[in-house]
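K.L.:
Before we start, here is the structure in question, set down as structure tokens.
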Amino acid sequence: MMHVLAVTNQKGGVGKTTTVVNVAASLAALGRRALLVDLDPQGNATTGSGIDKASLQHSVYHLLLEQTDFKGARVRSEAGGYDVLPANRELAGAEVELVDAPSREYRLKNALTQAADEYDVVLIDCPPALNLLTINGLAAAWRVLIPMQCEYYALEGLSDLVQTIRRVRGHLNTGLEIEGLLRTMLDPRNALAQQVSAQLERHFGGKVYQTAIPRNVRLAEAPSHGQPALKYDPVSKGAQAYLQLTREMLERFENGHASH
Ligand code: ATP
Ligand code: MG
């Protein structure tokens, strides 16, 4: 089974891209076949994977507009050991160009059927908005991974996202569920972060990953070198936290399947 995860939160700067890049690299290190889909016109996941977004011949934009096929858009992240459907600023036009297009919400889902079972895990990096690109991510996904910072308004923002997921489940993707909530940039000495963390566990119970990602400067530095942290500084706390998260994620997949 190909596990397709949409990594999403409409709030900006919560660690979506950092999560997608570093989980993809950790999957590769653990011998899994990973595909990263960059659905953000900022193209940060593309750059952070060591791919020059300015010189792309084809990107996820052309794939969504059916101007190329899956293989035509796919590139390899040598630094990360995984494949990428890359993005750049061109992707911002897709929203407008798809507005009257047939099955515009299912363009990514349809494209991924061409990947058949080539991957164990597909990670979709969504932009910080509940727009058509994010809807394409949610419609294509098996489940949703939500990175969040444990700060005062975090839970409020989450309720909008939970509503959106419900709507998508009602219309576009009946099986869609939250796979997990990930606490990012955590400072364990921060009392507010601890309170929010406890609240999260009350609301979402076992959906909250036990592994939290600490604030770690190596995670912020690695993208400017075009590398996941696991390549840039493998023993750093950030790289190791993402490796641990990935192990927890894989364990959940296996247990989830056993109970079905
Ligand atoms: P956007 O909504 O703009 O797409 P995002 O949710 O993808 O943002 P990131 O780009 O992953 O968030 O992270 C925002 C910033 O915080 C980046 O500069 C990133 O390098 C930094 N960052 C992310 N996680 C950590 C961490 N655990 N420790 C330190 N810095 C981090
Ligand atoms: Mg991002």
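K.L.:
Quick check on the chain: helices-only [θ] at 222 nm, where DSSP H runs of length 4 and up contribute -39,500 (n - 2.57) each and the sum goes over total residues. Nearest 500, please.
P.N.:
On the way: 12 runs with 111 residues, N = 260.
Here the helix-only value at 222 nm equals -12000 deg cm²/dmol.
K.L.:
A 25 angstrom limit on the alpha carbon distance is what I want to check against. Which of Lys71/Lys207; Lys109/Lys237; Lys71/Lys237; Lys16/Lys231 exceed it?
P.N.:
Lys71/Lys207; Lys109/Lys237; Lys71/Lys237
K.L.:
Next question. Which ³J(HN,Hα) values, rounded to whole Hz and listed in residue order, are derived for the range 201-208 from phi using the Karplus coefficients 6.51, -1.76 and 1.60 in 6.51 cos²θ - 1.76 cosθ + 1.60 with θ = phi - 60°, glycine and proline given as x?
P.N.:
5, 5, 6, 10, x, x, 6, 6
K.L.:
Something else now. If we sort 191-204, 38-51, 124-137 on the protection proxy, mean other Cβ atoms within 10 Å, highest first, what's the order?
P.N.:
Per-residue Cβ counts within 10 Å, averaged per peptide and sorted highest first, yield 38-51, 124-137, 191-204.
K.L.:
With every protein chain left in place, what is the accessible area of Lys231 in Å² (1.4 Å probe, nearest 10)?
P.N.:
About 110 Å², ignoring ligands and nucleic acids.
K.L.:
Could you work out the equivalent-ellipsoid semi-axes for the chain, taking the square root of 5 times each eigenvalue of the Cα gyration tensor, largest first, in whole Å?
P.N.:
26, 22, 18
K.L.:
Starting from the Cα gyration tensor of the range 131-249, multiply each eigenvalue by 5, take the square root, and state the resulting semi-axes largest first in whole Å. Mind showing how you got there, number by number?
P.N.:
On the way: eigenvalues 139, 74, 32 Å².
In descending order, the three semi-axes are 26, 19, 13 Å.
K.L.:
Test of understanding: express the Cα radius of gyration of the range 197-259 as a ratio to 2.2 N^0.38 Å, with N the residue count.
P.N.:
On the way: Rg = 14.3 Å, N = 63, 2.2 N^0.38 = 10.6 Å.
Here the Cα radius of gyration is 1.35 times the empirical estimate.
K.L.:
Another question, then. log₁₀ I(q)/I(0) of the range 1-105 at q = 0.11, 0.22 Å⁻¹, via Debye over equal Cα point scatterers, no solvent, to two decimals?
P.N.:
Ignoring solvent entirely, the Cα scatterers give -0.33, -1.26.
K.L.:
Okay, moving on. Which of Pro147, Thr164, Leu192 sits farthest toward the positive end of the charge dipole of the range 99-212, with +1 on the Cβ of Lys and Arg and -1 on the Cβ of Asp and Glu?
P.N.:
Thr164
K.L.:
While we're here: If you count, for each residue, the other Cβ atoms within 10 Å and average over each peptide, how do 25-32, 114-121 line up from highest to lowest?
P.N.:
On the way: 25-32: 20.4, 114-121: 15.4.
Listed from highest to lowest mean packing, they are 25-32, 114-121.
The values are calculated or read from the model by the stated rules, or taken from the named source; none is laboratory data. Everything numeric in this text was worked out from a predicted model, so none of it was measured. Please note: Cβ atoms are built from the backbone with ideal geometry, for glycine as well, and neighbour counts cover all protein chains shown. Surface accessibility is based on the protein's heavy atoms, side chains included, excluding ligands, DNA and RNA. Shrake-Rupley method; radii C 1.70, N 1.55, O 1.52, S 1.80 Å.
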